[in-house]
Amino acid sequence: MFLTDEFRLKVGLAEQLKGGVIMDVTDARQAQIAQQAGAVAVMALERVPADIRKEGGVARMASIQKMRQIMETVSIPVMAKARIGHFAEAMVLQALKVDYIDESEVLTPADEAHHIDKHAFKAPFVCGARNLGEALRRIAEGAAMIRTKGEAGSGDIVEAVRHMRAIQRQLRQLTVASRDEIAGHAKDMQAPLELVQWVAKEGRLPVPNFSAGGIATPADASLVMSLGAEAVFVGSGIFKSEDPERRAAAIVKATTFFSDPEKLLEACEDLGKPMPGLDVAKLDESELLQTRGW
Amino acid sequence: MRIGVLALQGDFAAHAARLSRLGAEPVEVRYARQLKEVEGLVLPGGESTTNLILLESEGLWDALQRFARTRPVLGTCAGAILLARKVSNPSQPSLGAVDITIERNAYGRQVDSSIRWVDPEPEFAARTATGPLEAVFIRAPIIRATGPDVDVLLRDGADPILVEQGPHLAATFHAELTGDTRLHELFLEKVRSNRAAGGDC
């Protein structure tokens, strides 16, 4: 299942991004700042999640012109978001030759029952997940990278932590489950049995597992890396802060040296104000982005 | 045999796993002081710009240049870019330990990435084993020119994809993402012979 050349290449790029920071950008200037700060990739989107939250309206794939400018400006990989289920946006992004497509709950879903058949694309996909079952459903559809959903645009790390802990806990539970219990888990998680059996044997996801949704400080990045994330996505956390250049570089440093308290302290010095943020516990259920996707 | 794997960013874990499997002891290197404890160093795949920025800001650049004067270094993909004498598309600083000119992202973007089988040059086959080698190219660079002291050990068509200069190896593909262990075996052999020669290259 994971042995086709095409899937190995998709996962292969995700492997190269490990230990790095992928930064949301809305234009070429921000992309340049991200690259200079040490980002391993940038994510092109029309508005950062905090603005989508504030302004409302339908959030779609970014403008082609903006994405082209970003791709011409930086030498690192460029990812871009498509709406959940919107395979035509994905076709456009593949034709544009973006390096990774994020089928993202941050944008307004285009289909309330179906995700994109990602095996049908040559471009690799990353998808969000809140738990192991969701991660495995996305992988079965062809995702070559998983990221925790967290709660995008909130600046509140609690949901990213919840989702990363859930996935790690469920992975550990599977490794000690008996054959009949594994079948039961597959049923409960609504994930393909073959995939669940593979995970039970290996004790890990078959694709890299990154963290996203609420990372706003170097310490947040260190926290999710320590919980098992293999790289981090930062959305609104950089360009909604007071000093994006410094904060971007500091989060890169904290991701590399996530287990070193001295380096982490250095990364946290003199950063200016973080993004204001929203307490997720006080958000109405209907305001959550993480519940999009099925 | 302790072999360092630069672990600032990239697929360093895949290299470490490969080295372990071959009986070496991998050490994830994030600090200059760790270079004193290893006999050879792998510069993994990843983003070369990210690695460059962290090497400079974390004080590893000079230590790495000193290391490469006496000890073997294997660079794959982004690592080969760091080892090169000259880098294009765009131009950027590099260690200059291997006399090659290398062009970043030379095949294009991710949709242009590929897996190809190559027949080793006779010298590579003689020093490792015969038979085709699977090469994984991911947003890979192309070596556009090689200096007089550089030997080409593998080619894909006309393009050199594995080169050797003194104790160093630079590969544009990811051997660590395949089942073929020959590249790492060759590197460990070079580390052993460098040790026998007293580390004086």
Peptide-level mean, for B:41-53, of C-beta atoms on other protein chains within 10 Å
5
GNM on chain A, C-alpha springs below 10 Å: top fluctuator among A:Ile116, A:Ile70, A:Ile182?
A:Ile182
What FRET efficiency comes out for the pair B:Ala197/A:Ser75, r = Cβ-Cβ distance, R0 = 51 Å, nearest 0.05?
0.85
In short, segment A:99-121 residues buried by 10 Å² or more of accessible area relative to the isolated chain (1.4 Å probe) are A:Asp99
Just want to confirm a number: the relative contact order over segment A:1-115, from Cα pairs under 8 angstrom separated by 6+ residues, in percent.
22
Chains A and B, summed buried accessible surface - 1.4 Å probe, Å², nearest 100
2700
Once you have the alpha carbon radius of gyration of the protein assembly as shown, what is it after dividing by 2.2 N^0.38 Å, with N set to its residue count?
0.95
A:Ala183-B:Ala125 FRET efficiency (beta carbon distance; Förster radius 60 Å; 0.05 resolution)
0.80
Using θ = phi - 60° and the Karplus curve 6.51 cos²θ - 1.76 cosθ + 1.60, what whole-Hz ³J(HN,Hα) does each residue of segment A:144-156 get, with Gly and Pro shown as x?
9, 8, 10, 10, 4, 6, x, 10, 4, x, 9, x, 10
Straight-line reach only, C-alpha to C-alpha below 20 angstrom: list the lysines that A:Lys201 could link to, leaving out same-chain residues fewer than 8 apart.
A:Lys187
Heavy-atom accessible area of segment A:61-107 with neighbours in place, 1.4 angstrom probe: carbon+sulfur share in percent works out to 56
Which length gain, in nm to one decimal place, applies between A:Glu266 and A:Arg169 when the Cα-Cα distance is subtracted from 0.36 nm times their residue separation?
31.8 nm
Compute and list, largest first, the equivalent-ellipsoid semi-axes of chain A from the alpha carbon gyration tensor, each √(5λ) rounded to a whole angstrom.
28, 22, 18
Using a Gaussian network model on chain A with a 10 Å cutoff between Cα atoms, which of A:Ala44, A:Ala113, A:Ala186 fluctuates the most?
A:Ala113
Whichever aspartates and glutamates have a C-alpha closer than 18 Å to that of A:Lys10, once near sequence neighbours (fewer than 8 apart) are set aside:
A:Asp99, A:Asp102, A:Glu103, A:Asp117, A:Glu141, A:Glu230, B:Asp11, B:Glu47, B:Asp112, B:Glu134, B:Glu176
Could you tell me which residue out of A:Leu96, A:Ser75, A:Ser63 lies farthest along the dipole of segment A:1-125 toward its positive end? Charges go on the beta carbon: Lys and Arg +1, Asp and Glu -1, centred on the Cα centre.
A:Ser75
Helix-only CD estimate at 222 nm, as mean residue ellipticity for chain A, using -39500 (n - 2.57) per DSSP H run (n ≥ 4):
-13000 deg cm²/dmol
Percent relative contact order for segment A:169-254, counting Cα pairs under 8 Å at least six residues apart, stands at 24
Expected integer from the mean partner chain Cβ neighbour count at 10 Å over B:26-35 is 1
Peptide-level mean, for A:74-81, of C-beta atoms on other protein chains within 10 Å
3
Pairs of Cα atoms farther than 26 Å apart, segment B:58-201, %
20
Find the relative contact order for chain A and round it to a whole percent, using C-alpha pairs within less than 8 Å whose residues are 6+ positions apart.
20
May I ask you to derive the FRET efficiency for A:Val58 and B:Ser20 from their Cβ-Cβ distance with R0 = 56 Å, giving the value to the nearest 0.05?
0.65
Ordering B:73-81, A:251-259 by per-residue average of other C-beta atoms within 10 angstrom, highest first, gives B:73-81, A:251-259
Net charge dipole size for segment A:158-279 [Lys, Arg +1 and Asp, Glu -1 on Cβ; Debye, nearest 20]
360
Using Cα positions and a limit of under 28 Å, work out the lysines in reach of A:Lys282, with same-chain residues fewer than 8 apart set aside.
A:Lys54, A:Lys81, A:Lys149, A:Lys240, A:Lys273
Over chain A, with the other protein chains present, what is the accessible area per residue in square angstrom, probe 1.4 angstrom?
39
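The values are calculated or read from the model by the stated rules, or taken from the named source; none is laboratory data. Here the structure is a predicted model, which means the values were calculated and not measured. We place every Cβ from the backbone using ideal geometry, glycine too, and count neighbours over all the protein chains shown. Accessible surface areas use protein heavy atoms only, side chains included; no ligands, DNA or RNA. Shrake-Rupley method; radii C 1.70, N 1.55, O 1.52, S 1.80 Å.
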